[in-house]
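The values are calculated or read from the model by the stated rules, or taken from the named source; none is laboratory data. Everything numeric here is computed off the predicted structure, so don't read it as measured data. Glycine gets a Cβ as well: all are built from the backbone with ideal geometry, and neighbour counts include every protein chain shown. Heads up: the accessible areas ignore ligands, DNA and RNA and are worked out on the full protein's heavy atoms, side chains in. Shrake-Rupley method; radii C 1.70, N 1.55, O 1.52, S 1.80 Å.
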Amino acid sequence: DDPVSEAETRAAIKAVNDEIASLEQLITSQSKERDELQARLRATDEAIARANQALREAQTSLDQRQRQINELESDGFVLERRINDLQKTLETSIGVFSVLKQGGDLKILFGDSPPQDTERNLAYFNLLLDQQLDTIDEFKMAIHELDDNRANLTIAQKAQEKVRISVNQTRAGLVSQRSEQNSLIDQLSASLARDGK
């Protein structure tokens, strides 16, 4: 019945209600902060997962490119040996023809021989020439293949270097994302510890 005590009670109730409202606002603010931290943490986890997947794919690509480069280098060595062998064969053949010409053996082959001998010698000589022309064609083809091999090797090496650069960039990004992840975990832990108190 006392108006003073009633006013004091109302004031005390209002103060308690104000304090409750203030605490609710603080809880809502802290809850929102935690939700934002958790959302950022989830996004960082997903980014890390994508970066790890990209690294796995890039490593697979690097391995494939290295195998391709190894095969091209091996093929190049085989082609170089083949070209050297063909070059020796051609040099030997040119030497034989030169000796035949200088020694007058061509005149003996096609000179005052009976027609059947001349015809046989001419067929033999044509066969030798055809073999040399085939060897020359094979030599030119081998050089062309070696040029293609070297061009493909250069392309493969450049592609491998691009993948390597991409891998290094992805790794750097991953380090940054993991650092951000650790920072977010620390912030979230601090927020939970503070709320618990």
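What is the number of the single condition among (1) touching a residue at least 24 places away in the same chain (Cβ under 8 Å); (2) under 17 Å from Gln177 (Cα atoms) that Ser61 does not meet?
The failed condition is (2).
I need every pair where a residue in segment 132-149 that is farther than 16 Å from Asp75 by Cβ has its Cβ under 6 Å from the Cβ of a residue that is part of a helix (DSSP H, G or I) and of a type in the set (Ser, Thr, Tyr), sequence separation at least 6 or different chains.
As it stands, the answer is Gln132/Ser93; Thr135/Thr89, since those pairs meet every condition given.
Please determine whether any residue of segment 172-179 is closer than 26 Å to Arg65 by Cα, touching a residue at least 60 places away in the same chain (Cβ under 8 Å) and in a helix (DSSP H, G or I).
yes
Considering each of Ala172, Ala190, Ala123, Ala151 in turn, give the residue that is within 19 Å of Ile48 (Cα to Cα) and exposed (fewer than 13 other Cβ atoms within 10 Å of the Cβ).
So the residue among Ala172, Ala190, Ala123, Ala151 that is within 19 Å of Ile48 (Cα to Cα) and exposed (fewer than 13 other Cβ atoms within 10 Å of the Cβ) is Ala172.
Mind checking whether some residue in segment 156-163 is farther than 14 Å from Ala58 by Cα, in contact (Cβ under 8 Å) with a residue 24 or more places away in the chain and surrounded by fewer than 17 Cβ atoms within 10 Å (Cβ to Cβ)?
Yes, some residue in segment 156-163 is farther than 14 Å from Ala58 by Cα, in contact (Cβ under 8 Å) with a residue 24 or more places away in the chain and surrounded by fewer than 17 Cβ atoms within 10 Å (Cβ to Cβ).
Taking segment 33-86 as the search range and keeping residues that are hydroxyl-bearing (Ser, Thr, Tyr) and open to solvent by 50 Å² or more (accessible area, probe 1.4 Å), which one is modelled with the lowest pLDDT?
Looking at residues that are hydroxyl-bearing (Ser, Thr, Tyr) and open to solvent by 50 Å² or more (accessible area, probe 1.4 Å), I get Thr60.
Could you tell me whether Leu133 is at pLDDT below 90 and assigned to a helix (DSSP H, G or I)? Steps first, please.
Values: at pLDDT below 90: yes; assigned to a helix (DSSP H, G or I): yes.
Yes; evaluated as a whole, the condition is true for this residue.
Just wondering, is there one or more residues in segment 104-120 that are modelled with pLDDT of 70 or more, among the aliphatic types (A, V, I, L, M) and part of a helix (DSSP H, G or I)?
For segment 104-120, residues modelled with pLDDT of 70 or more, among the aliphatic types (A, V, I, L, M) and part of a helix (DSSP H, G or I): absent.
Quick one: would you say Lys101 is at pLDDT 85 or above and open to solvent by 90 Å² or more (accessible area, probe 1.4 Å)?
No, not satisfied.
Which pairs do you get when a residue that is farther than 13 Å from Leu146 by Cβ, found in segment 67-84, comes within reach of a residue that is open to solvent by less than 80 Å² (accessible area, probe 1.4 Å) and modelled with pLDDT under 95, reach meaning Cβ atoms under 6 angstrom, with the pair 6+ apart or on two chains?
Gln68/Ala156; Ile69/Ala156
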